[in-house]
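Worksheet: the structure to be examined is printed underneath.
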Amino acid sequence: MIKLTTPISEETARSLKVGDEVLLSGTIVTARDAAHKLMVEEKPDFPRPYMKDGVIYHCGPVVKKHEDGSYSFVAAGPTTSTREEPYQAAVCEEYSVRAVIGKGGMGPKTLEGLQKVGAVYLHAVGGAGTLIAKRCTKVETVFKLEEFGTPEAFWVIQVEDFPCVVTMDSHGNSLHKEIAAKSDEIAKELMGLK
């Protein structure tokens, strides 16, 4: 198990390989469709301090607001990452992001972007939202909550020992691509097409 703490250097990100198990700690930022679209089209500055050598988490959390105005995460499972495929490479380059957390992997455009900037894709366990929320120890701040709503806002959070697996690395390797190819071969055999 590799312990990673943000900020993550390019050298550290490039040292990670597909299959590495990671426990991530430090500051990360949630970002989904609206956030990625905004970062590509308008390139706002507010996320830069949190994203430089940082981590984006594809997550639409369930959030509780407390009487003192603070927030905490009730559920924080990963959302499907492929929706961000049109944007992710550009966002990683623009904001010097070193890791993206989500589920299901991403496509060739993102894989190329990870190689270019020195970043990795970290797969989180789907269906474990309440357990993952326990790894989210503090909500530091939130951006675009009014405009985007809770699931789409930029939540800046602290995590401790957040468990992930590297499934796409900066060397052009993608576990998702490998599994899809193997599955396709087996399907062809089963259908007598091979």
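The values are calculated or read from the model by the stated rules, or taken from the named source; none is laboratory data. All values reported here derive from a predicted model rather than from experimental measurement. Cβ atoms come from the backbone with ideal geometry, glycine included; neighbour counts cover every protein chain shown. The protein model used for the area step is the full one, side chains on, heavy atoms only, and it has no ligands, DNA or RNA in it. Shrake-Rupley method; radii C 1.70, N 1.55, O 1.52, S 1.80 Å.
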Return the calculated 222 nm mean residue ellipticity for the chain, to the nearest 500 deg cm²/dmol, obtained by summing -39500 (n - 2.57) across DSSP H runs with n ≥ 4 and dividing by the residue count.
-8500 deg cm²/dmol
Membrane-span-like helices in the chain: DSSP H runs reaching 15 Å or more (Cα, own axis), mean Kyte hydropathy at least -1.0?
175-190
How far apart, in nanometres, would the label points at ALA187 and GLU21 be if each is projected 7 angstrom from Cα along the Cα-to-Cβ direction?
3.0 nm
Between GLU93 and LYS194, take the C-beta separation as r, use R0 = 35 Å, and let me know the FRET efficiency to the nearest 0.05.
0.30
Between THR130, ILE186, SER170, whose Cα lies farthest towards the positive end of the dipole of the chain when Lys and Arg beta carbons carry +1 and Asp and Glu beta carbons carry -1, centred on the Cα centre?
ILE186
Sum up the charges of everything whose Cβ sits under 11 Å from the Cβ of ALA76, counting Lys and Arg as +1 and Asp and Glu as -1, but leave ALA76 out.
+2
Only Lys, Arg (+1) and Asp, Glu (-1) charged, at Cβ; the chain dipole about Cα centre in debye
320 debye
Solvent-accessible area per residue for the chain (1.4 angstrom probe, square angstrom):
49 Å²
Considering all projection directions equally, how large on average is the shadow of the alpha-carbon convex hull of region 106-163, in square nanometres?
5.5 nm²
Which aspartates and glutamates, on any chain, are close to LYS43 with Cα under 15 Å apart, when same-chain ones fewer than 8 places away are left out?
ASP33, GLU93, GLU94
Whichever lysines have a C-alpha closer than 21 Å to that of LYS138, once near sequence neighbours (fewer than 8 apart) are set aside
LYS3, LYS52, LYS64, LYS65
Once neighbouring chains are kept in place and the probe is 1.4 Å, which whole percent of the accessible area of region 2-190 is contributed by carbon and sulfur?
52 percent
Going Cα to Cα from LYS177, which aspartates and glutamates come in below 18 Å? Please leave out same-chain ones fewer than 8 positions away.
ASP20, GLU84, GLU85, GLU112, ASP169, GLU185
